[in-house]
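Following: one structure in structure tokens, then a few remarks.
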Amino acid sequence: MKKLFKFLTSRVFIVGLAIVAQIAAIVLGLLFLGQYGLYIYVIFILMSVTVILLIVSKQDNPIYKLAWVIPIALFPLLGWALYLLVGRESLSRRVRKRFEENSRALHLLAEQDSALLDEIGRSDPAVYRQIRYLGGQGELPIYSGTQTEYLSPGEEFFARLCQELEKAERFIFMEYFIVQEGEMWDTLREILARKARQGVQVKFLYDDFGSLLTLPKNYRDKLNGLGIETRVFNVLRPSVDAFMNYRDHRKITVIDGTVGFTGGNNLADEYINGYRKHGHWKDSHLLLRGDAVWSLTLLFLEMWNFYHDQPLPLEEYQALRPLKSYPAEGYVMPYGDSPLDNRMLGEFCYMNLIENARRYVSITTPYLILDNEMTVALRKAALSGVQVQIITPGVPDKWYVYMVTRYNYRALIEAGVEIYEYTPGFIHAKTIVADDEIGVVGTQNFDFRSFYLHFECGALLYRTPSLAELRKDHLATQALSHRVTLEECRNRSWFARMLQVVLNAFAPLM
């Protein structure tokens, strides 16, 4: 009885009930109007056609548009209403303008060294174009003078994070999608609270939806009480609202402006194999030390100021610049991807790496939910003789996403793409490496939510020693994985194939 009462008074139940009530009110209203005759139904049909034309005319991905056209065509009374509530872009012009102005002001504080660009241009024109694209669209520069260290699995990241946090003297910035009380977070929280008592400025940002089931109500107040200044991104409200689709999926830690972390790990015990939720959890992170940490600092501040009436003043940003560079080989380029600018920076970054690969490109991703453009890029690379390797989970975390991931195997394998499923468990790492020279470690999955609806980030690596460690890790992971054959794809039951077709049609909405 106690558990039932706790559930009935939880945020999940209250928010879910409110949303269901709003949808039910729409359905009942439409049914009530429907009893007045065929002419009202015709009006709704015309409205559905209008909404479909509106969707088709937008500059969204065709597959994403199709995923909305199908339910609107099948359920003309309900489909258009749901689209107007949760499918369309509902961010106010004022909020969008504020975000753009804030981002622009921050990015102006990161100037590109033109001599560095020229140096890369002479070395490799294809890489030069990739960097010009990321720099032009993402508005953050590429750096030398930055050491990088590839960290995998999550236990290794956790150990290094604790070590670096203990050294903090000036400030700590942390931004994560999921936070859950347990061994990992309790240890980090104790360090952060202690550092705050020592006078270190500690700012912590987490996504409300990502942590909805893992943190108690009003957890922000608890952290603020410990001296950890905390903000929550996009607080979940009991309302059907398209902006609820936008989530902060970034993972960033910045320490004293000199040390930074980014990658796939969230702050929960499953990420360090504290318990086996989906078999062995395979993840990855990147440690940066030096000039490029400045861009991670700006990306954090971009989200910290979003939606808040008291942004940090710009003069404070300049004081947070790294104190010194570090001798290092290669170049590092952190970048951020936003669903508000329609640039699809992360997806195009991945596609550029795939299309420019000469010998091989190797990918790890928990989900493989592809649009036509990405499928064509992967197939084209394989058909042109490039060895394309993709590692996905052997043990899924979401069965329906796993079904769609497997649906995409056949077309890729037929073109020569090698697909591996990580037999020991779930692979959550989001990495790509090509030709031993260039790669990305970041937060972005190969799926629609990451490419279109999430705030994401990553770090492009070019000729850094950490790329050798990344490639070595990919090969070791492949050795523990099962290579999927074309026969396996063809021999799946008719029911599984039909279910995959249906789920794939709605994949962009997952």
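The values are calculated or read from the model by the stated rules, or taken from the named source; none is laboratory data. Note that the structure is predicted; figures quoted are calculated from it, not measured. Neighbour counts are summed over all protein chains in view; Cβ atoms, including those assigned to glycine, are modelled from backbone coordinates with ideal geometry. Accessible surface is based on the protein model in full, side chains and every heavy atom, while ligands, DNA and RNA are left aside. Shrake-Rupley method; radii C 1.70, N 1.55, O 1.52, S 1.80 Å.
Please enumerate the residues belonging to the stretch 131-166 that are within 25 Å of residue 347 (Cα to Cα) and acidic (Asp, Glu).
139, 149
Would you say residue 173 is in contact with a Lys or Arg (Cβ under 7 Å, 6 or more places away or on another chain) and either open to solvent by less than 20 Å² (accessible area, probe 1.4 Å) or of a type in the set (S, T, N, Q) (or both)?
Values: in contact with a Lys or Arg (Cβ under 7 Å, 6 or more places away or on another chain): yes; either open to solvent by less than 20 Å² (accessible area, probe 1.4 Å) or of a type in the set (S, T, N, Q) (or both): yes.
So residue 173 fits the description; yes.
Looking at 258, 262, 253, can you tell me which residue is closer than 22 Å to residue 172 by Cβ, modelled with pLDDT under 95 and of a type outside the set (A, V, I, L, M)? Break it down stepwise before answering.
Numbers: 262 fails: modelled with pLDDT under 95; 253 fails: modelled with pLDDT under 95.
None of the others qualify; the one that does is 258.
Of the conditions (1) modelled with pLDDT under 70; (2) open to solvent by 50 Å² or more (accessible area, probe 1.4 Å); (3) within 28 Å of residue 353 (Cβ to Cβ), residue 112 satisfies every one except a single condition; which number is it?
Among (1) modelled with pLDDT under 70; (2) open to solvent by 50 Å² or more (accessible area, probe 1.4 Å); (3) within 28 Å of residue 353 (Cβ to Cβ), the lone unmet condition for residue 112 is (1).
Just to verify a result, which residue in the stretch 255-304, among those that are in a strand (DSSP E or B) and among the charged types (D, E, K, R), is most open to solvent (accessible area, probe 1.4 Å)?
Going through the qualifying residues, I end up with 289.
In the stretch 459-474, which residues are assigned to a helix (DSSP H, G or I) and in contact (Cβ under 8 Å) with a residue 40 or more places away in the chain?
Going through the stretch 459-474, the residues assigned to a helix (DSSP H, G or I) turn out to be 466-474.
Hits for the stretch 459-474 are 466, 467, 469, 470, 471, 473, 474.
In the stretch 382-398, is there at least one residue being free of Cβ contacts under 8 Å to residues at least 60 places away in the same chain, among the polar types (S, T, N, Q) and in contact with a Ser or Thr (Cβ under 9 Å, 6 or more places away or on another chain)?
Yes: one or more hits.
Across the stretch 315-328, which residue is modelled with the highest pLDDT among those that are open to solvent by 70 Å² or more (accessible area, probe 1.4 Å) and more than 21 Å from residue 202 (Cβ to Cβ)?
First, pick out the residues of the stretch 315-328 that are open to solvent by 70 Å² or more (accessible area, probe 1.4 Å): 315-316, 318, 321, 323-324, 327.
Subset that is more than 21 Å from residue 202 (Cβ to Cβ): 324, 327.
Numbers: 324: 65, 327: 83.
Top of the filtered list is 327.
Specify the residue that is most open to solvent (accessible area, probe 1.4 Å); the eligible residues are those in the stretch 370-398 that are among the aliphatic types (A, V, I, L, M) and outside any helix (DSSP H, G or I). Step through it out loud before you land on a result.
If we filter the stretch 370-398 for residues that are among the aliphatic types (A, V, I, L, M), which is where we start, we get 370, 374, 376-378, 381-383, 386, 388, 390-391, 395.
Pick out the ones that are also outside any helix (DSSP H, G or I) and you get 370, 386, 388, 390-391, 395.
Working: 370: 12, 386: 13, 388: 1, 390: 1, 391: 0, 395: 48 Å².
Filtering the stretch 370-398 for residues that are among the aliphatic types (A, V, I, L, M) and outside any helix (DSSP H, G or I), the one most open to solvent (accessible area, probe 1.4 Å) comes out as 395.
Taking the stretch 131-147, which residues are in contact with a Gly (Cβ under 8 Å, 6 or more places away or on another chain) and crowded, with 19+ Cβ neighbours inside 10 Å?
Taking the stretch 131-147 first, the residues in contact with a Gly (Cβ under 8 Å, 6 or more places away or on another chain) are 138, 140-147.
Within the stretch 131-147, 138, 140, 141, 142, 143, 144, 146, 147 qualify.
Quickly run through the stretch 200-214 and pick out the residues that are open to solvent by 60 Å² or more (accessible area, probe 1.4 Å) and over 21 Å from residue 293 (Cα atoms). Full working, then the answer.
From the stretch 200-214, those open to solvent by 60 Å² or more (accessible area, probe 1.4 Å) are 201, 209, 213; that's our starting set.
Scanning the stretch 200-214 gives 209, 213.
Return yes when residue 413 is in contact with a Phe, Trp or Tyr (Cβ under 9 Å, 6 or more places away or on another chain) and aliphatic (A, V, I, L, M) and no when it is not. Let's see the steps before the verdict.
Values: in contact with a Phe, Trp or Tyr (Cβ under 9 Å, 6 or more places away or on another chain): no; aliphatic (A, V, I, L, M): yes.
Considered against the rule, which asks whether it is in contact with a Phe, Trp or Tyr (Cβ under 9 Å, 6 or more places away or on another chain) and aliphatic (A, V, I, L, M), residue 413 comes out as no.
How many of the residues in the stretch 456-491 are open to solvent by less than 30 Å² (accessible area, probe 1.4 Å), more than 18 Å from residue 390 (Cα to Cα) and not β-branched (Val, Ile, Thr)?
Residues meeting the conditions: 8.
Restrict the check to the stretch 193-202 and report whether at least one residue is assigned to a loop (DSSP other than H, G, I, E, B) and touching a strand residue (DSSP E or B) at 6+ places or on another chain (Cβ under 8 Å).
Filtering the stretch 193-202 down to residues assigned to a loop (DSSP other than H, G, I, E, B) leaves 198-200.
Next, only the ones that are touching a strand residue (DSSP E or B) at 6+ places or on another chain (Cβ under 8 Å) stay: 200.
Within the stretch 193-202, one or more residues are assigned to a loop (DSSP other than H, G, I, E, B) and touching a strand residue (DSSP E or B) at 6+ places or on another chain (Cβ under 8 Å).
Given the conditions (1) touching a helix residue (DSSP H, G or I) at 6+ places or on another chain (Cβ under 9 Å); (2) without any contact (Cβ under 8 Å) to a residue 40 or more places away in the chain; (3) assigned to a helix (DSSP H, G or I); (4) not aliphatic (A, V, I, L, M), which single one is not true for residue 402?
(1)
Take residue 221 and tell me if it is surrounded by fewer than 23 Cβ atoms within 10 Å (Cβ to Cβ) and in contact (Cβ under 8 Å) with a residue 12 or more places away in the chain. First the steps, then the outcome.
Details: surrounded by fewer than 23 Cβ atoms within 10 Å (Cβ to Cβ): yes; in contact (Cβ under 8 Å) with a residue 12 or more places away in the chain: no.
It is false that residue 221 is surrounded by fewer than 23 Cβ atoms within 10 Å (Cβ to Cβ) and in contact (Cβ under 8 Å) with a residue 12 or more places away in the chain.
Going by the structure shown, is residue 164 at pLDDT 95 or above and acidic (Asp, Glu)? Write out each step before concluding.
Numbers: at pLDDT 95 or above: yes; acidic (Asp, Glu): yes.
Yes.
Look at the stretch 340-369 and say how many of its residues are in a loop (DSSP other than H, G, I, E, B) and surrounded by 22 or more Cβ atoms within 10 Å (Cβ to Cβ). Working first, answer last.
Let us first name the residues in the stretch 340-369 that are in a loop (DSSP other than H, G, I, E, B), namely 340-344, 357-359, 365-367, 369.
Narrowing the set further to residues that are surrounded by 22 or more Cβ atoms within 10 Å (Cβ to Cβ) leaves 357, 365-367, 369.
Of the residues in that region, 5 qualify.
Can you name the condition, by its number, that residue 149 falls short on among (1) part of a helix (DSSP H, G or I); (2) touching a helix residue (DSSP H, G or I) at 6+ places or on another chain (Cβ under 7 Å); (3) acidic (Asp, Glu)?
Status for residue 149: all satisfied but (1).
Filter the stretch 405-455 down to residues that are in a loop (DSSP other than H, G, I, E, B), closer than 15 Å to residue 481 by Cβ and open to solvent by less than 20 Å² (accessible area, probe 1.4 Å), then give me how many there are.
Pass one, the stretch 405-455, residues in a loop (DSSP other than H, G, I, E, B): 408, 415-417, 423-424, 428-430, 435-437, 443-445, 447.
Checking the rest, the ones that are also closer than 15 Å to residue 481 by Cβ come to 417, 423-424, 428-429.
Okay, now just the ones that are also open to solvent by less than 20 Å² (accessible area, probe 1.4 Å), so 417, 428-429.
Residues flagged as in a loop (DSSP other than H, G, I, E, B), closer than 15 Å to residue 481 by Cβ and open to solvent by less than 20 Å² (accessible area, probe 1.4 Å) within the stretch 405-455 amount to 3.
What is the number of the single condition among (1) closer than 26 Å to residue 319 by Cα; (2) at pLDDT 95 or above that residue 186 does not meet?
(1)
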